[in-house]
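The values are calculated or read from the model by the stated rules, or taken from the named source; none is laboratory data. What you are looking at is a predicted structure, and each value in this text was computed from that prediction instead of being measured. Using ideal geometry, Cβ is built from the backbone for each residue, glycine included, and neighbour counts are taken over all protein chains shown. Areas reflect the complete protein model, heavy atoms only, side chains present, ligands, DNA and RNA absent. Shrake-Rupley method; radii C 1.70, N 1.55, O 1.52, S 1.80 Å.
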Amino acid sequence: MTNPELRHQVINIYKELLNIGRAYPLGYDYFRTRLHKAFSSQAHLRNDEDIKKGIARAEFVKKEIEALYYLKRYRTLKQRYENK
């Protein structure tokens with residue numbers, strides 16, 4: 001990586017995704033290995049624009065996972081209160 005600021009951003013999004021993965025339904029180990037594989041597959045990127053695109057994709061994935069968690073939580077709460 002040529003830009004230290006981009007390196008910092010990549011590390012931060014990786015840590016954020018790891019933190020989000022603690023509640024992953026298939027387990028943290030499953031999530032961690034898949035995440036590591038996904039980031040390792042992009043380790044060859046050296047162009048700043050390509051790295052920025054990768055960061056944007058990681059942010060999108062983060063938002064999608066959060067949305068799924070909120071949906072699961074909503075459905076659980078809805079089911080609990082409908083049965084009363």
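Only Lys, Arg, Asp and Glu carry charge here, each on its Cβ (+1 for the first two, -1 for the last two); on that basis the chain has a dipole of about 500 debye about its Cα centre. Mind checking the per residue accessible area of the chain for me, 1.4 Å probe, whole number of Å²? Averaged over the residues of the chain, the accessible area is 81 Å².
Here is the P(r) of the chain: all C-alpha pair distances, binned every 10 Å from 0, give 16, 41, 25, 12, 5, 1 in whole percents. As a fraction of the 1.4 Å probe accessible area of the chain, surface on carbon and sulfur atoms comes out at 54 percent.
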